[in-house]
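Heads up, the thing below is written out as C-alpha cells.
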C-alpha cells in the first residue's frame, strides 16, 4: 500500500476546507510538513546524542488564509469538531484535543514576536498519532503559517527551537530535537546525520552502490499519547543516570548522558540501579550504532545497516524498556519477513509504527506477509493497521 500523492492529499484538505468556510482562493496558502523516520538514534536526542533521520512522503497539510485579527479558526480532516480562539483569551480547555498544538504554537511564537494576525484554516494528517512525528509536523506547520500571516521570517534553526519550546514548555513532552531537525532540514534522497548538541546537519546522499529498496511503514493500529506513556519518565531516568555518574566521577557540570565520557560509565555502571544502568547502556550503545550506521550508509551497505536497526530495537526493548505487546509482536514479524534488511520501533516506542527498509523486488510480497501475520496475532487491529511503502521527501515548505 502506498500513500496518496501530495496533490491528492492537498485536494482532499482543500475540498474539506471549502465545504466548511468561505475564503478568498487568491489568499489561500498551504504548508507541507512531512513526517520523519529515524533508522538509528532511538531515545538519545534528549541526551545530546547524534541521530539519523529522513523525511518521507506522509505529511501534515495546513491550508489557510489570514485573518485580520489575532484569532484562529480551525477545522481538522482527521478529527471531529472545530477550534476557535482569540490569542488574548486562551483557556485551559483549548489545550485539550487535536487543537492543542495550534494553541501551543501561538504561545511559543508570542514569546518570540508579537502576533497581529491569525488564520482560518484546515489541517490534515496522512497518518496521525502513528509514531512518525506527526505532532512535530503539525507544530511546525502551525508555526510556519502563523509566521507567514504576520510577516515574520525565521531561520530553520529558530523554527526548531520554537517547536521544541511548543512541545517541552507548553505541552509537557520532554523530547529532544530529532523530530524538528529532521522535518526542518529534510532533503529527498538523503539521510540526515544530526548533531543534536550543535544543531548541525550532515547530508548523506543515498549512494549508487545502495541496493534498490523501499521504506516500509508498518502501522500497528494502536495510537499513543506520549505524555501519558513512559516517555517522560524514561527521559528523567536518563538524567538521573547522568547526575549519579557525574557525582561519582566528580563532574559537576554534567547534566545529561552526552556530558559523561563513556569510560566513566564503564567504570561506575555497576553502581547504578538496574533501571538507570539499562537506560545509560542503551544511550552509549545506540550512540555507537549511529556512528557505525553513518559509515555503512555512505558505503551503501544496507544489509549491515539493517542489522544495526534490529540491534537498536532490541536495545529499546531490553535496555530502554519501551514497546507495547502489539508493537513488539509487529517488530518481530517485520524483522523476520523475507526481504526486510532491518527494522525498529518509530517514535516513542509505546504504540504507532515499526519502520524498516525492504528490498525493492520483495517489497509488495513483504507488505502482504506482514499484514497477514499481524492480523492473525491482533485481529482487533485489522480495521486500522496498515503496511505502507514510502519514499524519501523534502522538508517543510509551502506548496
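Assorted remarks:
- Check on residue 382, over 20 Å from residue 214 (Cα atoms), at pLDDT 95 or above and not assigned by TED's automatic domain parsing to the domain that holds residue 125: no
- Of the helices (runs of 4 or more DSSP H) that lie entirely inside region 98-178, those containing 2 or more residues that are surrounded by fewer than 23 Cβ atoms within 10 Å (Cβ to Cβ) and out of contact with any strand residue (DSSP E or B) (no Cβ under 7 Å at 6 or more places or on another chain) span 100-110, 156-170.
- Taken across region 231-247, residues that are under 30 Å from residue 367 (Cα atoms) and either at pLDDT below 95 or assigned to a loop (DSSP other than H, G, I, E, B) (or both) do occur, with at least one present.
- Pair list, Cβ under 6 Å, 6 or more apart: region 223-242 residue outside the structural domain of residue 98 (by TED's automatic domain parsing) and under 14 Å from residue 352 (Cα atoms), other residue at pLDDT below 75 and not in a helix (DSSP H, G or I): 223/351; 224/350; 224/351; 226/348; 229/350; 231/348
- Looking at 15, 7, just one residue is within 24 Å of residue 190 (Cα to Cα) and part of a helix (DSSP H, G or I), and that residue is 7.
- Qualifying residue in region 358-373 (condition: in contact with a strand residue (DSSP E or B) (Cβ under 9 Å, 6 or more places away or on another chain), part of a strand (DSSP E or B) and touching a residue at least 24 places away in the same chain (Cβ under 8 Å)): yes
- In this structure, residue 71 does not satisfy being at pLDDT 95 or above, in the same structural domain as residue 182 (by TED's automatic domain parsing), touching a helix residue (DSSP H, G or I) at 6+ places or on another chain (Cβ under 6 Å) and closer than 23 Å to residue 13 by Cα.
The values are calculated or read from the model by the stated rules, or taken from the named source; none is laboratory data. Treat the numbers as computed from the prediction; the structure is a model and nothing was measured. Here Cβ is always computed from backbone atoms with ideal geometry, including for glycine, and neighbour counts include all displayed protein chains.
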